[in-house]
Amino acid sequence: MAVAEIHLDGRPSSIRTARHWAVKQAQDADVPPGLVRVIELLTSELVANALAHGSSEPVLVRLGIDADHLVVRVTDEGDDLPVVRTTGPGVPGGQGLRLVERLAARWGVDVHPSGGKTVWFAVPLDGTTPLD
């Protein structure tokens, strides 16, 4: 599968756009349904974080196959690095990266020397997922 990408503006509706786009790309690549749900959720979380914490639009989402994993990369121009926060039932928000940490096989952040960053996650294509 070739790398697919979509550019998004800073509107909240871009989260839904990214989610639907990622689902379509994963389905077109014959990714197992349980894994499509994980890709949908984690893409939505990373795009929401990029819109909330990135410095400006656009946000670039790329999806591709790397060996035996599907990898989603979300790039924004913000310099603030994501942090997995400790939260509890009384603390709103802060669950996005905890979900990424729990459901992805691996994830990380690539800092760009000229500014901005790419937050990415990889999920195995063997169809196993913590949601099953």
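Values as computed for the structure displayed
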item: Contacts under 7 angstrom Cβ, first residue in the stretch 1-21 being farther than 17 Å from Asp76 by Cβ, partner part of a loop (DSSP other than H, G, I, E, B), 6 or more apart; result: Met1/Ala29
item: Any hit, the stretch 40-57, residues being in contact (Cβ under 8 Å) with a residue 60 or more places away in the chain, open to solvent by less than 60 Å² (accessible area, probe 1.4 Å) and β-branched (Val, Ile, Thr); result: no
item: Residue within the stretch 35-56 that is assigned to a strand (DSSP E or B), closer than 22 Å to Arg98 by Cβ and of a type in the set (Lys, Arg) present; result: no
item: Residue, surrounded by the most Cβ atoms within 10 Å (Cβ to Cβ), within the stretch 22-34, restricted to residues that are without any contact (Cβ under 8 Å) to a residue 60 or more places away in the chain and in a loop (DSSP other than H, G, I, E, B); result: Ala29
item: Candidates Asp68, Asp126, Asp110 - the one that is among the charged types (D, E, K, R) and either closer than 16 Å to His7 by Cβ or modelled with pLDDT under 85 (or both); result: Asp126
item: Ile6 being within 25 Å of Val111 (Cβ to Cβ), outside any loop (DSSP other than H, G, I, E, B) and either at pLDDT below 95 or open to solvent by 50 Å² or more (accessible area, probe 1.4 Å) (or both); result: no
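The values are calculated or read from the model by the stated rules, or taken from the named source; none is laboratory data. Predicted model only: the values in this text are computed from it and were never measured. Note that each Cβ is placed from the backbone with ideal geometry, even for glycine, and that neighbours are counted across all protein chains shown. Side chains are part of the model used for accessible areas, which takes the heavy atoms of the whole protein and leaves out ligands, DNA and RNA. Shrake-Rupley method; radii C 1.70, N 1.55, O 1.52, S 1.80 Å.
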